[in-house]
Amino acid sequence: MEDNKTLMQSVKEWLSSTFMMKDLGEACYILRIRIYRNRPNRLLGLSQSTYIDKVLRRFSVENSKKGNLHMGQGIKLSKKDSPSTVAELERMKRITYASAIGSIMYAMTCMRSDVAHELSMTCKFQQNPREEHWKAVKSILKYLRRTKEYFLVYSGQEKLVCTGYTDASFQTDLDDFKSQSRYAFIFNGGRVSWKSSKQATTADSTTEAEYIARSEVG
């Protein structure tokens, strides 16, 4: 531990001699992520609750009912659900669908792997969203409101352990019948890499979809 502190101090001194900088001590926030430390138990936690609160206010759902993810309730979306009337089309033009997708994507990319699948399924309707698509996006926001205090926690184990998981859902896309791949890598108890995306080729069976998902991870 002492060697690490010595190395860190030497790096700080080198940076200070090379760039104009000021040592403010331990970081509390970085890229809108709050950092928590539990040194006795050797735990480090990351939280995006402040950022999520800001997003909820931006899209006027800060006081809405806390919810669950729609996809987990068997709801499926399609491009065939695009606005069917002029009135609905005009109404959807006033909704900042793409902005909401982008705000959720930042949370998902940094920490919230639990919304990766739902985000992947809703972001493909940005060009011509319908109210059903918007309801699905709002369900993600309401879920984030309910779970905004969730932490991403990393432990300081002596032995470094990395574990990977893959999964696939068969022909999830109702428009081209392609399947969905998902993976997550866990390092010392905390997720470090994850993704949910549509497969490039059409699988003919659940087994093939699973193999494609594994091959995409590499």
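The values are calculated or read from the model by the stated rules, or taken from the named source; none is laboratory data. On a predicted model such as this, the values are computed, not experimentally measured, just so you know. No Cβ is skipped: glycine too gets one built from the backbone with ideal geometry, and neighbour counts run over all protein chains shown.
Quick one: would you say residue 191 is assigned to a helix (DSSP H, G or I), touching a Leu at 6+ places or on another chain (Cβ under 8 Å) and modelled with pLDDT of 90 or more? The answer is no for residue 191. Cβ separations smaller than 7 Å between residues 6+ apart or across chains give no pair from the stretch 189-218 residues that are hydrophobic (A, V, I, L, M, F, W, C) and loosely packed, with under 14 Cβ neighbours inside 10 Å to residues that are at pLDDT below 95 and not in a loop (DSSP other than H, G, I, E, B). Would you say residue 7 is more than 22 Å from residue 135 (Cβ to Cβ), part of a helix (DSSP H, G or I) and either among the aliphatic types (A, V, I, L, M) or touching a Ser or Thr at 6+ places or on another chain (Cβ under 6 Å) (or both)? So residue 7 passes the test. Residues considered: 197, 169. Of these, the only one that is under 22 Å from residue 68 (Cα atoms) and in contact with a His (Cβ under 9 Å, 6 or more places away or on another chain) is 169. Scanning the stretch 80-122 for residues that are basic (Lys, Arg) and over 19 Å from residue 60 (Cβ atoms), we see that the one that is nearest to the chain's Cα centre (by Cα) is 112.
Within the stretch 40-70, the residues that satisfy the criterion of being under 16 Å from the mean Cα position of the chain (by Cα) and of a type in the set (Ser, Thr, Tyr) are 47, 49, 50, 51.
For the criterion of being β-branched (Val, Ile, Thr) and more than 30 Å from residue 126 (Cα to Cα), residue 52 fails. The lone criterion from (1) free of Cβ contacts under 8 Å to residues at least 40 places away in the same chain; (2) more than 15 Å from residue 137 (Cβ to Cβ) left unmet by residue 98 is number (2).
Filtered by the rule that a residue be under 21 Å from residue 81 (Cβ atoms) and among the β-branched types (Val, Ile, Thr), the stretch 171-201 gives a lone residue, 172. The residues in the stretch 1-48 that are among the polar types (S, T, N, Q) and touching an Asp or Glu at 6+ places or on another chain (Cβ under 8 Å) can be counted, and the count is 2. Do you know which residues across the stretch 143-164 are surrounded by fewer than 19 Cβ atoms within 10 Å (Cβ to Cβ) and modelled with pLDDT of 90 or more? Hits for the stretch 143-164 are 146, 147, 149, 150, 151, 152, 153, 154, 162, 163, 164. Inspect all residues belonging to the stretch 196-204 and state whether any of them is within 16 Å of residue 122 (Cα to Cα), outside any strand (DSSP E or B) and among the polar types (S, T, N, Q). Yes - at least one qualifying residue is present in the stretch 196-204. Scanning the stretch 123-150 for residues that are assigned to a helix (DSSP H, G or I), within 13 Å of the chain's Cα centre (by Cα) and not hydrophobic (A, V, I, L, M, F, W, C) yields a single hit, 143.
Once the stretch 168-179 is narrowed to residues that are farther than 11 Å from residue 78 by Cα and in contact with a helix residue (DSSP H, G or I) (Cβ under 7 Å, 6 or more places away or on another chain), the residue that is surrounded by the fewest Cβ atoms within 10 Å (Cβ to Cβ) is 170. Take residue 119 and decide whether it is among the hydrophobic types (A, V, I, L, M, F, W, C) and under 17 Å from residue 69 (Cβ atoms). Answer is yes for this residue.
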